[in-house]
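K.L.:
One structure follows; several queries about it will come next.
The values are calculated or read from the model by the stated rules, or taken from the named source; none is laboratory data. Computed from a predicted structure; not experimentally measured. Positions of Cβ are backbone-derived with ideal geometry, glycine not excepted, and every protein chain shown enters the neighbour counts.
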Amino acid sequence: MRGVITIWKKEAWTYATSARWYVLAALMVAFTSLWFWFANLQEGRQATLAHIMGLLSFLLMAVTPIFTMRLIAEESNRGTLELLLTSPVREWQIVLGKFLGALTAYVAIFAITLLYPAILMRFAEPDVGPMLAQYAGMFGLSCAFISVGLFASSVTDSQVLAAVIGYILLFGFWILNWIAEALPGSLQSIGKAASLLAHLEKFNRGIIDAVDVFYYVAFTAIFLLLSLRFVEARRWAA
Amino acid sequence: MIDVENLSKSYGPVPAVRGITFQVAAGEIVGFLGPNGAGKTTTMRMLTGYLPPSDGRVKIAGFDVFEQPMEARAEIGYLPESPPVYPELTVTEYLSFVAELKGVSRSKKSARIATVIEQLHLGDMRKRLIGHLSKGFRQRVGLAQALIHEPKVLILDEPTVGLDPAQIVEIRNLIRGLAKDRTVILSTHILPEVSAICRRVIIISGGRIAGEGALDTLIAGAGARQQLKIVAKGPTWGAIESALTTAGAKVSRTGGVEPLHEATVVSPSGDDLRETVFRAAVAGGWTLLEMTPQGGSLEDVFMKLTTTEEGVAAA
């Protein structure tokens, strides 16, 4: 556990002191607050976070590969992976620590967006339950996105390539929902079951379904395990 | 302290290290010498557990590097060829991270950081970003990182490569100082580095050990010729020449103005000639002003061991 916490702290600190986090956070806050203005703060609108969450999930997909591309690729490039892999920590601790570090940086951005529900609660009487479900959905989506980004960063030494791989994978899982619509019967349900977007729908309607929770947990676990395999494989390739 | 047995590594079909065996006792400082591409870095990486060997085993402080990796790694301080530093961290932040990574306890951490900063003269740099430091300072930060958890074994891969002469001297002095209470193995392709730091040397060539032993023994054992340069003061060159020739040496005059004579004295049998020359001078009544052994340097040994295909098995 010491290894996980050490690397978690280091990653979170690296994000907290890097321009990358501030630029991405500013972008996300700027877009969502504009959208909040148009979608919520006009006469006759509903006091709900559904619109914001729709945009936020899209923005997360757009920025995650850039946010996570450095995680492993950069270590490998700089030779610091050799330090990590010759220290008394296990590979899974490295992978998990890095995942948690990036997740912490995302949670910090979500903390800023708490301003929107705060405003809604000040001027209206929104349902708190759905808002909690929506944030839970956003958290699950972030875990899934980051695990994909981490995986992309673990397969190559090039950060650019890591970002490209990340985009291809995320976009693929994103549009699976639409592709599925065009597929016949059983394939359609498989496609929908694997789609990142389809599982977000209930969260956004304020429902936390065990199936959706399981989906995000399993999705994240699979990509973390894949990342672990690739980090281990780097020893053999070195 | 370091126990390597029949260690091999191939990259695909290409063998990089072919079955090397050696031991390093506690407190020793050993040079791992070889030309570029001889398998030095591969060996260092296997010693630290970074690279899995194709065959053989490594024990550090009694722990098998692959069976008990956590225990073994806790005893190893490792400086790879380029220091594994994060440019966006300050020296103190970095050392704090590595200390935690290596399992230094919370209560000891700040004392350890202060100690290594002091040891490596990094005091003025502690708040600087590593990315802003010169190469020499980065190398020192790399060494500090390797020492932070008080490892029993230090593994240094080409610790002075890319430094300027003043920095090289400084890093060597630091390493010599560090070696007092730990076991050190350092790889290098620079010969003077070995004679400057190490008492024992392992010469590797083409992935095999080409020679091993104390420096003096290696130099003598490799059959380097005994050759002396002398400067003598005497009435005539002829007298000196005949005295030395009678004693069994081959002599040739290389210069000097009467009554000084400079000459090279070679022993055909390879014996030590210094006493012979001295006695000849006493008997002949001439004065010996200078006597310098020549040849038989580490360079000769190195060339001899690394250029022949078979090499010389242990000295």
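K.L.:
Within the range A:95-110, is there a residue that is within 11 Å of chain B (Cβ to nearest Cβ) and in contact with a Lys or Arg (Cβ under 9 Å, 6 or more places away or on another chain)?
P.N.:
So far as the range A:95-110 goes, yes, one or more of its residues are within 11 Å of chain B (Cβ to nearest Cβ) and in contact with a Lys or Arg (Cβ under 9 Å, 6 or more places away or on another chain).
K.L.:
What about B:P84, is it assigned to a loop (DSSP other than H, G, I, E, B) and touching a residue at least 40 places away in the same chain (Cβ under 8 Å)?
P.N.:
Spelling it out, B:P84 is indeed assigned to a loop (DSSP other than H, G, I, E, B) and touching a residue at least 40 places away in the same chain (Cβ under 8 Å).
K.L.:
Working only within the range B:270-315, note down all residues that are modelled with pLDDT under 70, of a type in the set (G, A, S) and out of contact with any Leu (no Cβ under 9 Å at 6 or more places or on another chain).
P.N.:
B:G270, B:G295, B:G296, B:A313, B:A314
K.L.:
Does A:A16 fit the bill of being in contact (Cβ under 8 Å) with a residue 12 or more places away in the chain and surrounded by 16 or more Cβ atoms within 10 Å (Cβ to Cβ)?
P.N.:
no
K.L.:
Which one is modelled with the highest pLDDT, of the residues in the range A:158-188 that are over 17 Å from the mean Cα position of the chain (by Cα) and crowded, with 17+ Cβ neighbours inside 10 Å?
P.N.:
For the range A:158-188, the residue satisfying everything is A:Q159.
K.L.:
Take A:L34 and tell me if it is hydrophobic (A, V, I, L, M, F, W, C), surrounded by fewer than 22 Cβ atoms within 10 Å (Cβ to Cβ) and out of contact with any Phe, Trp or Tyr (no Cβ under 9 Å at 6 or more places or on another chain).
P.N.:
So A:L34 passes the test.
K.L.:
Does B:Y86 count as crowded, with 23+ Cβ neighbours inside 10 Å and in the same structural domain as B:A146 (by TED's automatic domain parsing)?
P.N.:
The answer is no for B:Y86.
K.L.:
Follow-up. Can you name every one of the strands (runs of 3 or more DSSP E) wholly within the range B:235-297 that holds 1 or more residues which are of a type in the set (D, E)?
P.N.:
Answer list for the range B:235-297: B:260-266, B:287-294.
Matching residues to (1) without any contact (Cβ under 8 Å) to a residue 40 or more places away in the chain; (2) buried (at least 22 other Cβ atoms within 10 Å of the Cβ); (3) more than 14 Å from every other protein chain (Cβ to nearest Cβ):
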{"residue": "A:N40", "(1), (2), (3)": "no, no, yes"}
{"residue": "A:H51", "(1), (2), (3)": "yes, no, yes"}
{"residue": "A:L56", "(1), (2), (3)": "no, yes, yes"}
{"residue": "A:A62", "(1), (2), (3)": "yes, no, yes"}
{"residue": "A:L71", "(1), (2), (3)": "no, yes, no"}
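K.L.:
Which one of B:G177, B:G142, B:G103, B:G131 is in the same structural domain as B:T43 (by TED's automatic domain parsing) and in contact with a Leu (Cβ under 6 Å, 6 or more places away or on another chain)?
P.N.:
Sole residue among the options that is in the same structural domain as B:T43 (by TED's automatic domain parsing) and in contact with a Leu (Cβ under 6 Å, 6 or more places away or on another chain): B:G142.
Condition check ((1) touching a strand residue (DSSP E or B) at 6+ places or on another chain (Cβ under 9 Å); (2) outside any helix (DSSP H, G or I); (3) more than 10 Å from chain A (Cβ to nearest Cβ); (4) modelled with pLDDT of 95 or more) across all residues:
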| residue | (1), (2), (3), (4) |
| --- | --- |
| B:V30 | yes, yes, yes, no |
| B:N36 | no, yes, yes, no |
| B:T42 | yes, no, no, no |
| B:P52 | yes, yes, no, no |
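K.L.:
With A:S76, A:S87, A:S153 as the choices, which residue is assigned to a helix (DSSP H, G or I) and either on the phi > 0 side of the Ramachandran plot or within 14 Å of another protein chain (Cβ to nearest Cβ) (or both)?
P.N.:
Result: A:S76 is the single residue among A:S76, A:S87, A:S153 that is assigned to a helix (DSSP H, G or I) and either on the phi > 0 side of the Ramachandran plot or within 14 Å of another protein chain (Cβ to nearest Cβ) (or both).
K.L.:
Of all residues in the range B:87-108, which are touching a residue at least 40 places away in the same chain (Cβ under 8 Å), within 16 Å of A:V89 (Cβ to Cβ) and not in a helix (DSSP H, G or I)?
P.N.:
B:K102, B:G103, B:V104
K.L.:
Mind checking which residues of the range B:96-120 are of a type in the set (V, I, T) and within 21 Å of A:E11 (Cβ to Cβ)?
P.N.:
Answer for the range B:96-120, where residues must be of a type in the set (V, I, T) and within 21 Å of A:E11 (Cβ to Cβ): B:V98, B:V104, B:I113.
K.L.:
Give the number of residues within the range B:118-140 that are within 17 Å of B:G177 (Cβ to Cβ) and surrounded by 14 or more Cβ atoms within 10 Å (Cβ to Cβ).
P.N.:
Summing the residues that are within 17 Å of B:G177 (Cβ to Cβ) and surrounded by 14 or more Cβ atoms within 10 Å (Cβ to Cβ) in the range B:118-140 gives 6.
K.L.:
Mind counting the residues in the range A:19-38 that are touching a residue at least 40 places away in the same chain (Cβ under 8 Å), away from every other protein chain (no Cβ under 14 Å) and within 30 Å of B:L95 (Cβ to Cβ)?
P.N.:
2
K.L.:
Whether any residue in the range A:129-143 is farther than 21 Å from A:L55 by Cα and either modelled with pLDDT under 95 or assigned to a helix (DSSP H, G or I) (or both) is what I want to check.
P.N.:
Scanning the range A:129-143 turns up no residue that is farther than 21 Å from A:L55 by Cα and either modelled with pLDDT under 95 or assigned to a helix (DSSP H, G or I) (or both).
K.L.:
Find the residue count for the range A:21-53, including only residues that are in contact with a helix residue (DSSP H, G or I) (Cβ under 7 Å, 6 or more places away or on another chain) and among the charged types (D, E, K, R).
P.N.:
1
K.L.:
Return the residues of the range B:190-207 that are touching an Asp or Glu at 6+ places or on another chain (Cβ under 8 Å) and surrounded by fewer than 17 Cβ atoms within 10 Å (Cβ to Cβ); say none if nothing qualifies.
P.N.:
Listed by number, the list holds a single entry, B:R199.
K.L.:
I need the full set of residues from the range A:96-131 which are surrounded by 13 or more Cβ atoms within 10 Å (Cβ to Cβ), farther than 21 Å from A:G3 by Cα and small (G, A, S), in order please.
P.N.:
A:A108
Table: residues versus (1) facing chain A (nearest Cβ under 9 Å); (2) under 30 Å from B:G213 (Cβ atoms).
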| site | (1), (2) |
| --- | --- |
| B:P15 | no, yes |
| B:A26 | no, yes |
| B:A61 | no, yes |
| B:D64 | no, yes |
| B:R73 | yes, yes |
| B:P80 | yes, yes |
| B:Y86 | yes, no |
| B:V98 | yes, no |
| B:S107 | no, no |
